[in-house]
Amino acid sequence: MTAAAARTVGQVDFSRKRRQDPPTTATARLPRVVRTLSLAHRIDAMIAAGELKDYADAARTLGWSRARVTQVLNLLLLAPTIQEAILDLPMATGRDPVTERLLRPIVAEPDWERQVALWSRLRPLGREDGR
């Protein structure tokens, strides 16, 4: 049996293929949490305008669970300064600096001053001013 025949069984070629290098330039994009917060504002506006009846109607329309709609719309409970800071996040390459899941403990805090304190400990992008 030849070496070439040993690497090929039936029609499947098991020879090593040369790995392609990943692209060197990553494209910048808005962090997902920016898009999610924007969507939360849009859904809230649609409910207020009567375009959507409630969270359950939003869930059916989006094809999400009601729990996921609640998670997304809970971002609206963040202090306005935190929402502004999130919407001002710069374009990202690679991992997002802030995620919706990372914000859940902050959202659970009802006091906006304590939210801002928790946010400043998070220090997205290493900023000292908490924004």
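What follows draws every value from the coordinates through simple rules; no lab data is involved. These numbers come from a predicted model, not from an experiment.
If contacts are Cα pairs under 8 angstrom and at least 6 residues apart, what is the relative contact order of segment 30-126 in percent? Let's see the in-between values first.
Numbers: 78 pairs, mean separation 34.7, N = 97.
Across segment 30-126, relative contact order equals 36 percent.
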Amide H proximity to Ala92 below 5 Å, modelled H, separation 5+ or other chain, gives Arg29, Leu30
Calc'd 3J(HN,Hα), segment 71-83, phi into Karplus 6.51 cos²θ - 1.76 cosθ + 1.60 (θ = phi - 60°), Hz, glycine/Pro = x, comes to 4, 5, 6, 5, 4, 6, 7, 5, 4, x, 5, 6, 4
Log entry: pair-distance distribution for segment 30-126, C-alpha pairs binned every 5 Å from zero, whole % per bin is 2, 13, 23, 23, 18, 13, 6, 2, 0
Residues meeting the amide H criterion for Leu52 (H placed from the backbone, H to H distance under 5 Å, 5 or more places apart or on another chain) are Ile47
